[in-house]
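Worksheet for the structure shown next.
The values are calculated or read from the model by the stated rules, or taken from the named source; none is laboratory data. All of these numbers come straight from a predicted model, not from anything done at the bench. No Cβ is skipped: glycine too gets one built from the backbone with ideal geometry, and neighbour counts run over all protein chains shown.
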Amino acid sequence: MTVIRQQDFIDSIADALQFISYYHPQDFIQAMAQAYEKEQSPAAKDAIAQILTNSRLCAEGKRPICQDTGIVVAFVRVGMNVRWDDATMDIVEMVNAGVRKGYLNPDNVLRASIVSDPAGKRKNTGDNTPAVVHVELVQGDQVDVRIAAKGGGSENKAAMEMLNPNDDIVEWVLQRVQKMGAGWCPPGMLGIGIGGTAEKAVLLAKEALMEDIDMPTLKMRGAQNPLEALRIELYDKINALGIGAQGLGGLTTVMDVKILDYPTHAASKPVAIIPNCAATRHIHFELNGSGVASFPPPNPEDYPDVTWHASAEARKVNLDTITRAEIATWQPGDTILLSGKLLTGRDAAHKRICDMLARGEKLPEGVDFNGRFIYYVGPVDPVRDEVTGPAGPTTATRMDSFTETMLAETGLMGMVGKAERGDTAIAAIQKHQSVYLIAVGGAAYLVAKAIRSAKVVAFADLGMEAIYEFEVENMPVTVAVNAEGKSIHRIGPAAWRERIRIMPRI
Ligand code: SF4
């Protein structure tokens, strides 16, 4: 009989969450490095270079890979021969105690992103609890934990459908991936669950994401069963869509496709898909009664020798003196280095601003968007001498329904976020001769290095969703939708899909 101390379990969870906040899994780094080597699209290659550079900086600085430090998901398998020493909590409470300790660590404070009362007040719980915990009682004498910190942008793109038994899974997945857009911060990996019941398929898809990337090995040795053949077929066909890094168009959209299956009812074919993003964070450990789990750090040489530099063609722009005439000359795909002041705001701030405007109220002092740019971001709190913690972009699509009001009623000139814009937002951008720029999702620490000062100017009660004023210097962005309403997320993937179609074989 193995005896596990409650505190060892809690400390192991906390240490695991700290570890994965700043160290990518090594299989993920290797796959990203291979994607970088292979990439021929300059915009996608630049984005992957930012992701790899960010990854190394985070490992060195022990700071989060992304400003969204995720919702914690744990799969805990408890051996039936395990006894807990003086446990005063159940397993879920212990996981939550570990999450609390890990996320509030003063040396590397992680962003608290969890809101309770999700259909109502959506109040931040303050310590990123509760986690989503799946507990299984299994044979054996140890505790096996697989734990992940899942980003909201990628989780939002999950989908599940009850297909008919004769429906084509490949066709369904390809349709879903095209609908996912770029909000899940590709390149990444896909978890697919097939079979069981509705909830089982979704769980299988999530569990599949806990596996290591092994697609290069699989492709080299060839499929040995139908599921492996399906993985290879999906991997090739998804990458042939040309979506590419950040949806800019390119050769690598997924670095692996993982599939788990389970027997199902003769009348059903449940299928679920969940993507994992550029900030893929998960780890596996076991407790056998010998104490707290250890997590050996990677070696510096495990990281590829890739350092992002702004391209020579990048245009330097001063946000404090910019004019509408200047932004009217920008084309989709242009790279820009922003300097000067910009305001921030994301979901909750937009809702509050638009509610105030609808009631005819004045916006708070310091919140004057006239002639200015807004950055969709919810940064991590700073530690030590930092101005701000990691501060990468959040998905702009969620702000689409507010865009017309923001442009028409506040005088806002431009927006910075990530992923594509929908038809309504693009129409508003064109109508108001505005512009939408993207920063690289998953390069949050690198982006934060461009922020010279940060202060909260309004809505402090919203926590990480407050409105800040940032002063930035050479912050790298790409024109995604220009004043004519042309979108790089439409042009780029379409062009690369065609190029891939006529390529001999990639
Ligand atoms: S990389 Fe993108 S999807 Fe992933 S956590 Fe960061 S912002 Fe969210």
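Beta carbons closer than 6 Å, at least 6 apart along the sequence or on distinct chains, pair a first residue in segment 247-273 that is surrounded by 24 or more Cβ atoms within 10 Å (Cβ to Cβ) with a second that is of a type in the set (S, T, N, Q) and assigned to a loop (DSSP other than H, G, I, E, B) for G249/S41; G250/S41. Taking residues in segment 29-57 that are outside the structural domain of L446 (by TED's automatic domain parsing) and touching a residue at least 24 places away in the same chain (Cβ under 8 Å), and partners anywhere that are part of a loop (DSSP other than H, G, I, E, B) and hydroxyl-bearing (S, T, Y), the pairs with Cβ atoms closer than 6 Å and at least 6 places apart or on different chains are A35/T252; T53/T307; R56/Y303.
The strands (runs of 3 or more DSSP E) found entirely in segment 394-506 that carry 3 or more residues being in contact (Cβ under 8 Å) with a residue 40 or more places away in the chain and surrounded by fewer than 23 Cβ atoms within 10 Å (Cβ to Cβ) are 451-458, 467-481. Taking segment 95-118, which residues are touching a residue at least 12 places away in the same chain (Cβ under 8 Å) and not in a loop (DSSP other than H, G, I, E, B)? Passing the criteria: V95, N96, A97, G98, V99, R100, K101, G102, Y103. I353 meets the stated requirement of being hydrophobic (A, V, I, L, M, F, W, C), away from the ligand (no atom under 16 Å from the Cβ), crowded, with 17+ Cβ neighbours inside 10 Å and part of a helix (DSSP H, G or I).
Residue under question is I243, and the condition is that it be within 16 Å of the ligand (Cβ to nearest atom), surrounded by 14 or more Cβ atoms within 10 Å (Cβ to Cβ), over 30 Å from M94 (Cβ atoms) and in contact (Cβ under 8 Å) with a residue 60 or more places away in the chain; does it hold? For I243, the condition - within 16 Å of the ligand (Cβ to nearest atom), surrounded by 14 or more Cβ atoms within 10 Å (Cβ to Cβ), over 30 Å from M94 (Cβ atoms) and in contact (Cβ under 8 Å) with a residue 60 or more places away in the chain - is met. Across segment 475-499, the number of residues qualifying as under 17 Å from L338 (Cβ atoms) and among the charged types (D, E, K, R) comes to 0.
Of all residues in segment 132-177, which are in a loop (DSSP other than H, G, I, E, B) and either outside the structural domain of M94 (by TED's automatic domain parsing) or more than 16 Å from the ligand (Cβ to nearest atom) (or both)? Q139, G140, D141, Q142, N164, P165, N166, D167, D168, listed by residue number.
Within the set V92, V76, the sole residue that is among the β-branched types (V, I, T), more than 15 Å from the ligand (Cβ to nearest atom) and assigned to a strand (DSSP E or B) turns out to be V76. For segment 165-184, the criterion of being touching a helix residue (DSSP H, G or I) at 6+ places or on another chain (Cβ under 6 Å), buried (at least 19 other Cβ atoms within 10 Å of the Cβ) and of a type in the set (D, E, K, R) is met by none of the residues.
Among the conditions (1) of a type in the set (A, V, I, L, M); (2) in contact with a Pro (Cβ under 8 Å, 6 or more places away or on another chain); (3) more than 13 Å from the ligand (Cβ to nearest atom), L203 misses just one, which is (2). Taken together, the criteria exclude E326 from residues that are at pLDDT below 95, surrounded by fewer than 17 Cβ atoms within 10 Å (Cβ to Cβ) and touching a strand residue (DSSP E or B) at 6+ places or on another chain (Cβ under 9 Å).
Here is a yes/no grid of residues against (1) assigned by TED's automatic domain parsing to the domain that holds S154; (2) within 16 Å of K341 (Cα to Cα); (3) more than 16 Å from the ligand (Cβ to nearest atom):
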position	(1), (2), (3)
L357	no, no, yes
G360	no, no, yes
D368	no, yes, yes
R372	no, yes, yes
G378	no, no, no
P382	no, no, yes
P390	no, no, no
A396	no, no, no
